[in-house]
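Structure first, commentary second.
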Amino acid sequence: MGEVLEKLSLKEKLELSEKLYRETGAYYGLTGELELKKKDPFRWMQAYAKIRGALVTAREIAVHISSSPIVRSIGKLAFVLYTPEGDAIAHSTGILVHVHTMSDDIKFMIRNDYERNPGIRDGDIFTCNDPSIGNVHTTDVHTLIPIFYNGELVAWAGGVTHEVDIGAVVPGHDITASTSRFEDGFYVTAEKTGENDVPFAHWKIRSQRGTRAPLYFDLDEKCRIAGLYMIKRFLLKFIEEEGIDFYWKFIREVIEQGRRDLILRVKERLVPGRYRAVSFSDTPFSQEAWQPIARIDHLAHLPVEIQISPEGTLRLGMDGASAPVPFPWNCGETPMQGGLWVQLTQLLVHNAIVNDGSYYAVEYEFPPNTWCNPQNPQFSYQCPWYYLIPSFTGMQRCLSRGFIARGFWEEVVSGYGMTGDPVQGGGLLSGKVFGEPEDFYWPVATLKLAAQVWELQQLKMDLIMVMRCGIPRVIWGMRKIGSR
């Protein structure tokens, strides 16, 4: 198998991986016992701990290269190791939204034949922040490097930082005034931005001229690149010590184990059946909407349905979601995956292996031509959290009902509304306060969200239902709904 794979192109390897999953329902067709884990479970777990430890170490060191308040002070960065086909093996601490977003970057490059043009070689550097193919919004910038061992591509390392400014139509982080892609700021659509371990001169010039905070952007990029090369050095040493055959088997087993972990947790903590919740988010007409197309009052429908099978399958659907809007609230499939990852890692797999195995364990449906899957790269995707956060509040309520029914009361969360600070990435001072300079750029405000009374009331109603009906009756009712 190893010799056959070595002769395949990246596109052929990706197609083979997807084919094996479709045919077997398991990652890379690993349906039986995991050979390496069964033979030596201590070595297996030690290997995973080494890889994850290297990612965390890279993050903790690289963060001191940046001077950005969002990255250095708040810690909005992360590093991930991927297979050659683009599946996440392990993730550092940090912003867990990006477990799968950089995976989509890599698969986009593979499917678009980057291996042929512009080429994927040792020492290359790629950058992406395009939310229509693999990101959350333009303010999150990804840097990716391929890692070669004896001339063969064995992995990708990805790093992401959250920028204080991205050169959009207004200053800051969440660009609430944009109405299309052409106002979202500095776009980089999976581009090769360096060779021989050095960024291109034209890329440095372009990126420096593309934002209002070029110093922060430059240091954030140096932070990402430094972390990636620490990971590269570690991985090459890891392969030398453990052997290339062990490495190939291990990375596939650890992703399959991640898939199985989520299924086991779903069986343990949720009751089979159908769970439904809904949220609404309004966009009142504002005189600040300077584009005529955006001068409307709009109320978005944000429905969530979760189906849990007795086999442990979790299926997320958003049928009935509203259409895309001329606001920056639109959300592509990749940002929706980012929101899903935040839920999964904090509610179901918070003490298990975190990688793309969980992605393979979840079925999802984001209806085409809705706000959660517009399928139009010209729409604005700059602030998807405005709809994404309240919609996934519904997912939290659904899962919490399952936790209650199973008796895991301590796992219940009330959810939260969208009360985020839309200028959290910065802005210009007015000069109206004594001693305050006019038009001085400040880089960051709070990134906190507040709980809302309405969400707490929803949880209160769930708890009242349990206390009145009793847990056995609630479980029976959920099973009855699920059998329809």
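Tabulated data for the structure shown
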{"read-out": "The range 1-104: trypsin sites (Lys or Arg not before Pro) in DSSP loop, at most 12 other beta carbons within 10 Å", "value": "LYS7"}
{"read-out": "For the range 258-401, with +1 on Lys and Arg beta carbons and -1 on Asp and Glu, the positive-most of SER309, MET336, GLY320 along the dipole", "value": "SER309"}
{"read-out": "Shape category assigned to the chain from the gyration tensor of Cα positions, a/c cut at 1.5", "value": "oblate"}
{"read-out": "Whether the range 9-257 is rounded, prolate or oblate, judged on the alpha carbon gyration tensor where a/c under 1.5 counts as rounded", "value": "prolate"}
{"read-out": "Förster radius 45 Å - calculated FRET efficiency between ILE205 and TYR149 (Cβ-Cβ, nearest 0.05)", "value": "0.85"}
{"read-out": "Nearby lysines by direct alpha-carbon distance to LYS50 (threshold 18 angstrom, same-chain neighbours under 8 apart not counted)", "value": "LYS37, LYS232, LYS237, LYS249"}
{"read-out": "Loop-exposed chymotrypsin sites (Phe, Trp or Tyr not before Pro) per DSSP, neighbour cap 13 Cβ within 10 angstrom, longest uninterrupted part of the chain", "value": "1-284"}
{"read-out": "In the range 24-86, the GluC sites (Glu not before Pro) that fall in loop regions by DSSP, at most 16 other Cβ within 10 Å", "value": "GLU33"}
{"read-out": "The chain: calculated mean residue ellipticity at 222 nm from DSSP helix runs of at least 4, using -39500 (n - 2.57)", "value": "-13000 deg cm²/dmol"}
{"read-out": "Label point distance in nm, ASN117-GLU60, each placed 7 Å from Cα along Cα→Cβ", "value": "4.6 nm"}
{"read-out": "Options ILE251, GLN208, ALA277, ranked by Cα towards positive dipole end of the range 191-282, top entry (Cβ charges)", "value": "ALA277"}
{"read-out": "Trypsin sites (Lys or Arg not before Pro) lying in DSSP loop within the range 241-336, provided at most 11 other Cβ fall within 10 Å", "value": "none"}
{"read-out": "Cα gyration tensor, the range 348-396 - rounded (a/c under 1.5), prolate or oblate", "value": "prolate"}
{"read-out": "Nearest-20 debye value, the chain charge dipole, Cβ charges on Lys, Arg, Asp, Glu", "value": "1440 debye"}
{"read-out": "Given charges at Cβ of Lys, Arg, Asp, Glu: the range 83-184 dipole, positive-most of HIS173, TYR149, HIS162", "value": "TYR149"}
{"read-out": "Debye, to nearest 20: dipole size of the range 5-62, +1 on Lys, Arg Cβ, -1 on Asp, Glu Cβ", "value": "180 debye"}
{"read-out": "Centroid-to-centroid separation of the range 200-224 and the range 296-354 [C-alpha atoms, Å]", "value": "33 Å"}
{"read-out": "Distance between the range 378-408 and the range 140-196 - C-alpha centres, whole angstrom", "value": "26 Å"}
{"read-out": "Karplus 3J(HN,Hα) series, Hz, for the range 80-90 with 6.51 cos²θ - 1.76 cosθ + 1.60 (x for Gly, Pro)", "value": "9, 9, 10, 5, x, 7, x, 9, 5, 8, 7"}
{"read-out": "All Cα pairs of the range 237-284, percent lying beyond 12 Å", "value": "76 percent"}
{"read-out": "Overall Cα dimensions of the range 102-143, principal axis frame, Å, largest first", "value": "28, 20, 14"}
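Read-outs: derived from the displayed coordinates by stated rules, not from any lab. The model shown is predicted, which means the values in this text are computed figures rather than measured ones. Note: ideal-geometry Cβ built from the backbone for every residue, glycine included; neighbour counts use all protein chains shown.
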